[in-house]
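The values are calculated or read from the model by the stated rules, or taken from the named source; none is laboratory data. Bear in mind the structure is a predicted one, so any value in this text is a computation, not a measurement. Just the protein is used for accessible areas: all its heavy atoms, side chains included, with ligands, DNA and RNA removed. Shrake-Rupley method; radii C 1.70, N 1.55, O 1.52, S 1.80 Å.
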Amino acid sequence: SADAPGVSEYGDTKWKTLLVLNDVAYIDKLIRISVVATFAALLALIVVVSVMAERVAATITKPMEQLGADIKIIGEGNLDHKATIVRNDEVGDVAMQLNDMVDKLSGAISSLADSEKRNQVMQELATRDALTGIRNKLAYDREVQEIRWAMDGSPEPFGIAVIDMNFLKRVNDIYGHEQGNVAIRKLCDVTTQVFSNSPVYRVGGDEFVVILKGVDLENVDSLIEQFNAKLGSLKKDEHLEPWEKISAAIGFAAFDPATDA
């Protein structure tokens, strides 16, 4: 009522109070929204950073770690190992270049090994007699040089047996050179069988040399007897051709460091 004192003032005061309360609630709501939004933004940032970190690891860190592991394996001598090409980028280019380098290195090593093997084969062929397969005059000359060098120091006892086939010219003239070759091979077989622990050299057309050391040197007398006995049995063998009934002369000399040095 217009006459009631203080009513208008009371209503205004109440309305103002309600407005203030509404403002506080609104501000509080805004604060809560801001806090939630801030947390959401931080979470999103963390997710983005994690994803970027994973991508960096996938594109750089992991390929580099794999390349390092591959280099370690190859560096330990495993040239059959290949570097893993993870991505088609700079790291992948390095892996490809590493594989190419390893392939070239393997090829160079293989070529070197083949060359050394060929040299060994050529050296072996150069010191082998083509007819009999035993050591030839070149191998004998090298062995003699080794013996001379050893005699200047502390030489060991050794002996040399010289074997000379009889009647090779007669065999060649009567039966032919092919039969003469058969006779030479026959004598070679007997010699290598008897002196099985010693190197045998063919130093001429019908001449052989045996260098005896160790057990063959200790038993040289019995070995010479065996040699002559085998030739004797061949001469009596009626199943053999005339050119197979070989005969030969054998001579022996020994070197004793105590008396000959």
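Miscellaneous remarks
- Ligands, DNA and RNA left out, the accessible area of the stretch 109-261 computed with a 1.4 Å probe is 50% carbon and sulfur.
- Across LYS186/LYS245; LYS137/LYS230; LYS137/LYS245; LYS137/LYS235, pairs whose alpha-carbon gap is larger than 18 Å: LYS137/LYS230; LYS137/LYS245; LYS137/LYS235
- Residues whose amide H falls under 5 Å from that of VAL203, counting only those 5 or more places apart or on a different chain, are PHE208, VAL209, with hydrogens built in the peptide plane.
- Prolate/oblate/rounded call for the stretch 101-221, Cα gyration tensor, a/c under 1.5 rounded: oblate
- Tensor-based shape of the stretch 173-219 (alpha-carbon gyration tensor, a/c under 1.5 rounded, otherwise prolate or oblate): prolate
- Long-range HN-HN contacts of ARG128 with modeled amide H, under 5 Å: ASN136
- Relative contact order for the stretch 201-247, counting Cα pairs under 8 Å that sit 6 or more residues apart, in percent: 21
- Amide H contacts of ALA248 (H built 1.01 Å from N, in plane; Pro and chain starts excluded): ASN166 sit under 5 Å, all sequence-distant by 5 or more or on other chains.
- Residue pairs exceeding 23 angstrom between C-alpha atoms, taken from LYS82/LYS117; LYS213/LYS236; LYS82/LYS104: LYS82/LYS117; LYS213/LYS236.
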